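Only one structure is covered here, and it is reproduced in the block below.
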Amino acid sequence: MGSSVEFNAILDHAFMRSPEGMAVLFSNNGNFNWIKVNPAFCNLLGFTEAEFLAGALFTESENREAHSKELSYRVVMDELQKSPAGSWKKEHCFLNKEGQPVCLSLMFSGLGAEEGQAPSYIIVYAEDITELKIAAQETVDHLDQQQQMEEQIRQSERNYRLMSENSLDLISRHAVKDSIFLYCSSASRTLLGYEPEEMVGTSAYNYLHPDDLVMMQGLMEQSRSSGVIPAVAYRYRHKNGTYVWFESSSRYTYDDEGNVMEIIAIGREITERKQFEFKLKESEQRYKSLFEYNPSAVYSMNLHGDYLTANANLEKLTGYSLDELIGMYFGPIVHEKDIEKTLYHFNLAAQGYPQSYDLTLIHKDGHFVEINTTNIPIIVDDQVVGVYGISRDITERIRYTEQIEKLSNEYTLILNAVSEGIFGLDMEEKVTFINPAGLQMLDYEHDEIMGHPYLDQIQQIALDGSHYRPQESPLMKAIKSGVSYQSNDAVLWRKDGSSFLAEYQVTPLFDKGEPKGVVVVFRDITDEKEIIRAKESAEKADQAKSEFLAIMSHEIRTPMNGIVGMTDLLAETELDEEQLGYTDIIKESSSSLLSILNEILDYSKIEAGKMMIVNEPVQLQAVLDSVIDLFTAKALEKNIQLSCSMAPGVPPLIMGDAGRLRQVLVNLVSNAIKFTDRGSISIYVEQKLSADQKKLTLKFNVRDTGIGIPLEKQHRLFQSFYQLHSSFNRKYGGTGLGLAICKKLVELMGGAIAVESSEGEGSNFYFTLQINPDSKAEIDVEDTVQTEERETTMEGATAVEGELDAGTNVILLPEATPHITPKSSPLRGDLSE
């Protein structure tokens, strides 16, 4: 009997001193009364034991609303009767005595009943899980404070197990060495998928994630010397192979002599919390990336307009450092003309309305910066707590817009000023714009034609008077096909029914490769017909003049060739020094006169349209060498360096007219030598980009270090009979036709010629030719050179035979033939016509 009383006293002592809330309910004819409540249970809800025994009931919080209802004991009884173990576990949220919510983990266990019958007693275990971590730590602290009761708790292991087995946390005991599980609560089933028996006897290290193992071993090693095991988060391997995040609080237990016995650990699953933390961190990183790497200036302000945060781009935009900006009010850096507008939009954003507007900032160095700003309210718990700002520099955009507006105004002025009619059509053939000249020629008002299909307003007929069908009009075909079209003999109708002769140009409009319509430029040419006929008559007269000059030049050149030839023969005879001087004067004067006649003849041929351009393989280097050879003696005489070269990539063999190419280069080099007294003259051939991929564009440069040409006189250089100054003609001679002939020859070959020059610094006369690479010609380069040399060798003789009269031939030919060499004849090239 004494042992029973002592055991009951121990149980009562353990019941009253238990850190978990425990209570006993008694069933009396369907009514339940509290018969025993421990202090921990009272503390959970704030009621005293007397209040419970007097009949105080639980009240629970539904959806955290103010009203409450009694806890249903019938539900508890039904669940206990259903349970084979005679127990029922439930988590619920209650209101304590002061009306504050408290979340509890409840375990109801029935006593004194057979299977299927209602129990007479219900033991209630309650645990506050509102602050589970704090509660777990308090449990460990309580164990530390109650070391003297450890023996009693061990003796009451059944009661302790009953409480631990119903805990939602993983409660375990470990050996100090290798952290071997000595005990594991049943929470291991739900948290890790293992039965407690599976874990007992194994090392906790076996379940750790490989990345956490070294960290945990190091932590435990440090704790042995300090005696304190800090709270730690780690990953445990679930039985299904996945890993679960845990956070545990652990401590050492000691015997009466202060020696470490084992480790008690309480672990809580925090996977959801870790996932939330990861998402939060990811969100923060995204925000940080958006904030720091945004090309715009991004910043936040409080409701007073003071900068709280800012990225580096706000520094660049304002010129102020981040240290200067943080805490600074935005007002001083806003231009005074925009301060009122900025405050208006900022205040609207502070009220929850996003804003976007343009304003002018004052940079720290004083210059103005045009920006576009977006203000976005920062809302926390439905309250606006600040304002985000996103600003970007639009100074260049505004300047660009102003330039576009300026150009638009200029284009409008141009359209209004030109005498040609100009109108635009969209893809539906409706008029999108028309200038005043077009309205006047067609005799329409602006509103009568704008937005209407052009065929309703503009008609076209053929020259024979027949009307085109709408879809067969050349104008309509050009619009539909999307290609340019030009007509010089169209007949258009005015609003009043009268017609006029017109020429027009149709140009398609494209936007990013998509056709958008056309622009039509037209003009009335009715009055020009008489002018055209007069022009044609003048051209015929001019052509007759050119033909006359060509014939006369030819007739004059025949006796001149006799004079030159006879002078050469005379120079070969025995003459004294004075006589040789006379023959040199005759020879130079004859050559000058012959050169003038050649220029007149070439110019006349070109004007008369009789200059023929051939297309044959041309050895570029041979042409350049022949020009250099022709002027080498003259260059040495003036002590001028004369050279030629070709850039890498220039094809050695091209298709073209070697004679005319050489003639242009000879004229340009001749002028360069004439106007250069010191320095150098060079011929340089290079390749340029060509719009037509099937052709090459070659640029021929003739550079000199001569007297140069004033800029204001360069545009007249290629006019016929033009010389820079009359004094130049007296000093250097010439007819003023050389550059005009060069220009016409280059244009006949499909090229263009120009000059770059600075007075006193020299000139660069250059021309470009589009040529076909000789990819198809199966001609050997060496054979081509030999052929050109043979032609050159016979050139002088042919010229002599063709240009002398019969009497002179009898004297000159027998004497001249032995002296003709490939490059010695002064008539070579000049007489080849």
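For the stretch 167-277, the solvent-accessible area works out to 50 Å² per residue, with a probe of 1.4 Å and every protein chain left in place. Using a simple spin-label model with pseudo-atoms 7 Å out from Cα toward Cβ, E761 and R286 lie 6.1 nm apart.
At 1.4 Å probe size, with the rest of the protein present, what percent of the exposed accessible area of the stretch 612-771 is carbon and sulfur atoms? Solvent-exposed carbon and sulfur of the stretch 612-771 make up 51 percent of the total. If R0 is taken as 60 Å, the Cβ-Cβ distance between E51 and E198 corresponds to a FRET efficiency of 0.85.
Solvent-accessible area of F47, all protein chains in place: 40 Å² (probe radius 1.4 Å, heavy atoms, ligands and nucleic acids excluded). Between L580 and I35, the modelled label-to-label distance comes to 15.9 nm, taking each label 7 Å out from Cα in the direction of the beta carbon. Determine, from the Cβ-Cβ distance of K477 and H209 and an R0 of 56 Å, the FRET efficiency 1/(1 + (r/R0)^6), rounded to the nearest 0.05. In this case the efficiency is close to 0.10. The calculated FRET efficiency for the pair K337 and D382, based on their C-beta separation and a Förster distance of 35 Å, comes to about 0.45. For the stretch 168-224, trypsin sites (Lys or Arg not before Pro) are listed when DSSP marks them as loop and at most 15 other Cβ atoms sit within 10 Å of their Cβ; the list is K177. Compute the Cα gyration tensor for the stretch 579-689, then decide on rounded, prolate or oblate, letting a ≥ b ≥ c be the square roots of its eigenvalues: rounded whenever a/c is under 1.5, prolate when a/b is larger than b/c in the other cases, and oblate in all that remain. It comes out oblate by the Cα gyration axes. Over the stretch 294-400, accessible surface divided per residue gives 53 Å², non-protein components excluded, 1.4 Å probe. For the residues L106, L415, L748, a 1.4 Å probe over the protein chains yields an accessible-area ranking, largest first, of L748, L415, L106. A 1.4 Å probe run over the protein chains yields, for the stretch 612-771, 49 Å² of accessible area per residue, whole-number rounding. Multiplying the residue separation of V176 and R189 by 0.36 nm and removing their Cα-Cα distance gives an extension gain of 2.3 nm. Protection proxy ranking for 199-206, 655-662, using the average of other Cβ atoms within 10 Å per residue and placing the highest first: 655-662, 199-206. Take the Cα of I326, step 7 Å toward its Cβ, do the same at M16, and the gap between the two points is 6.0 nm.
Among 347-355, 119-127, the peptide with the highest mean count of other Cβ atoms within 10 Å heads the list, and the full ranking is 119-127, 347-355.
According to the square roots a ≥ b ≥ c of the eigenvalues of the Cα gyration tensor, what is the shape class of the stretch 574-620, taking rounded for a/c under 1.5, prolate for a/b larger than b/c otherwise, and oblate for the remainder? Oblate, since a/c reaches 1.5 and b/c is not below a/b.
Dividing the mean sequence gap of close Cα pairs (under 8 Å, 6+ apart) by how many residues the stretch 239-331 holds gives a relative contact order of 17 percent. For K90, the lysines whose Cα falls under 23 Å of its own Cα, not counting residues fewer than eight places away in the same chain, are K36, K69, K82, K133.
The values are calculated or read from the model by the stated rules, or taken from the named source; none is laboratory data. Since the structure is predicted, the reported quantities are computational estimates derived from the model, not experimental observations. Neighbour counts are summed over all protein chains in view; Cβ atoms, including those assigned to glycine, are modelled from backbone coordinates with ideal geometry. Note: accessible area is taken over every heavy atom of the protein model, side chains too, but ligands, DNA and RNA are not part of it. Shrake-Rupley method; radii C 1.70, N 1.55, O 1.52, S 1.80 Å.
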